[in-house]
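Asker: I am attaching a structure below and will ask some questions about it afterwards.
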Amino acid sequence: MKGISHFASGLCLATFVPGVVEEAARGSLLIALGGACAMLPDTLDFKLAKFLEKRDADVIPRRDDLDAQRLADDLAMQIWLAAHEGRSRIVQLHPLRLTVAEWVLYTVRFDVARGDVVVSLDCDGVEHRAHAGALDYTYDGPLHIEELGGPSLKLIPTDSGVRIEFLPWHREWSHSLLIALGLGLLLGLLIEPRAGIVAALGYSIHIFEDQLGFMGSNLFAPLSRARTNGLKLLHSGDTIPNVVTVWLALTLTLLNLDRAQDTPLIAAGPYLAFVVCLPSALLIGIYAHRRYRTHVERLQAQRQRDLVAEAEEIQV
């Protein structure tokens, strides 16, 4: 989810804590605390964890050799090293800057069925393959290496091959439910119990929303060192899920604010049915249909690529 979605969710959950809305009417900032804590996990990642990452290798195009095959070979070699050394490796993918406005950009995807790394330069779109062995790719779809910087990958050797994790610095220790609990206990002691509840709920809703995606989170750090797989229902940047999240958060917040009045003005039943649930259900239906159509198109494209690859192997 985007930051605004997490923030709105944190605000909304705070209004469900008894007494918070009434305190807000007297100038309390506990509602805002819920929104701030809902944004804290990503703030820790993008302002701290990202810059603490120690990488083992860099994959970058060479000025004198703009060859997608070499990039595929380099990344496949890093996967081979992780498997044969028996230890994890972190690899950073980079674009190449030629001039102020000109870049060499490329796309990387992992053909898990064949155990291949597949790379294509944006300038020609021709795919080049390098065999890397058994792969377990935990993210979704190809990776586009864009201007200013690409993602990092963690290559983890396992009994069944090499597991490839996207952005290993993201959604690790910062996205732990135990951290949410600890934050809640700390603020509950320093401020008041309600502040602790609001903080823990705001921090936790961020983590649960992220679990709807592909990357997952390390839910029990520091007791665990591995991410729990996400439900793979959406991508964090998808428009409709973010719109639905913000809509639900704001409409429910408005209802809670109204119910805190001596004389509520909103009829809860019709409001929940026609303002909260109906628009959300329609948008979710549209999104599900688009996801299904994209999935079918991706399968068809993969079959076409497999046929082309098989034909090239026969010719060779």
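Taken together, the values in this text are just the output of simple stated rules run on the coordinates, not laboratory data. Note that the coordinates shown come from a computational prediction; the quantities given were computed from them, not determined experimentally. Every residue, glycine as well, gets a Cβ built from its backbone with ideal geometry; the counts of neighbours run over all protein chains shown.
Asker: Cα to Cα, under 16 Å, and not fewer than 8 places away if on the same chain: which aspartates and glutamates meet these conditions relative to K50?
Answerer: D42, D58, E165, E172
Asker: Determine which lysines satisfy two conditions relative to K54: a Cα distance under 20 Å, and not lying fewer than 8 residues away in the same chain.
Answerer: Partners found: K154.
Asker: In µm²/s, what is D for region 253-300 at 20 °C and 1.002 mPa s, where D = kT/(6 pi eta Rh) by Stokes-Einstein and Rh is the Kirkwood radius from Cα pairs?
Answerer: 163
Asker: Taking the dipole about the Cα centre of the chain, with the C-beta of Lys and Arg at +1 and of Asp and Glu at -1, give me whichever of V118, T107, S204 is farthest to the positive side.
Answerer: S204
Asker: OK, next. With viscosity set to 0.890 mPa s and temperature to 25 °C, compute the Stokes-Einstein D of region 57-168, Rh being the Kirkwood radius across alpha carbon pairs; µm²/s, no decimals.
Answerer: Using the Kirkwood radius from Cα pairs, D works out to 176 µm²/s.
Asker: A follow-up question, please. Please give the calculated 222 nm ellipticity per residue for the chain, where each DSSP H segment of at least 4 residues contributes -39500 (n - 2.57) and the sum is spread over every residue; nearest 500 deg cm²/dmol?
Answerer: -15500 deg cm²/dmol
Asker: Straight-line reach from K232: which lysines fall under 18 Å, measuring Cα to Cα and dropping same-chain residues less than 8 apart?
Answerer: K2
Asker: Let me ask something else. I need the calculated FRET efficiency for the pair V126 and D262, taking r as the beta carbon distance and R₀ as 41 Å, to the nearest 0.05.
Answerer: FRET efficiency, V126 to D262: 0.05.
Asker: About the Cα centre of region 9-72, what is the dipole size in debye to 20, counting +1 per Lys and Arg Cβ and -1 per Asp and Glu Cβ, all else neutral?
Answerer: 100
Asker: What Kirkwood hydrodynamic radius do you get for the chain when you take the inverse of the mean 1/r over all pairs of distinct Cα atoms, in Å?
Answerer: Mean inverse Cα-Cα distance, inverted, gives 22.2 Å.
Asker: Let me ask you something else. Longest exposed-loop-site-free stretch of the chain, with GluC sites (Glu not before Pro), DSSP loop and at most 12 other Cβ within 10 Å?
Answerer: Answer from the scan: 148-316.
Asker: Moving on to the next point. Starting from the Cα gyration tensor of region 188-316, multiply each eigenvalue by 5, take the square root, and state the resulting semi-axes largest first in whole Å.
Answerer: For region 188-316, the ellipsoid semi-axes come out as 42, 25, 7 Å.
Asker: Taking each full run of DSSP H in the chain as one helix, which ones are at least 18 Å long along their axis (Cα atoms) and have mean Kyte-Doolittle hydropathy of at least 0.5?
Answerer: Span-like helices in the chain: 3-16, 30-44, 177-190, 193-210, 239-259.
Asker: Grab the beta carbon distance between L223 and V243, set R0 = 22 Å, and tell me the FRET efficiency rounded to 0.05.
Answerer: 0.05
Asker: Can you give the FRET efficiency for A32 and L178, using 1/(1 + (r/R0)^6), R0 = 25 Å, r = Cβ-Cβ distance, to the nearest 0.05?
Answerer: For R0 = 25 Å, the calculated efficiency reads 0.55.
Asker: If you don't mind, another one. Which residues in region 228-256 place their backbone N less than 17 Å from a point set 7 Å from the Cα of L272 along the Cα-to-Cβ direction?
Answerer: 248-256
Asker: How big is the charge dipole of the chain about its Cα centre, in debye rounded to the nearest 20, if each Lys and Arg gets +1 on its Cβ and each Asp and Glu gets -1 on its Cβ?
Answerer: The dipole magnitude comes to about 700 debye.
Asker: For L189 and T294, calculate 0.36 nm times their separation in residues minus their Cα-Cα distance, and state this gained length in nm to one decimal.
Answerer: That pair, L189 and T294, stretches by 32.9 nm at full extension.
Asker: Using unit Cβ charges (K, R positive; D, E negative) and no other charged atoms, how large, in debye to the nearest 20, is the dipole of region 57-168 about its Cα centre?
Answerer: 300
Asker: How many nm separate the modelled label positions at K50 and L148, each set 7 Å beyond the Cα in the direction of the Cβ?
Answerer: Each label point lies 7 Å from its Cα, and together they span 0.8 nm.
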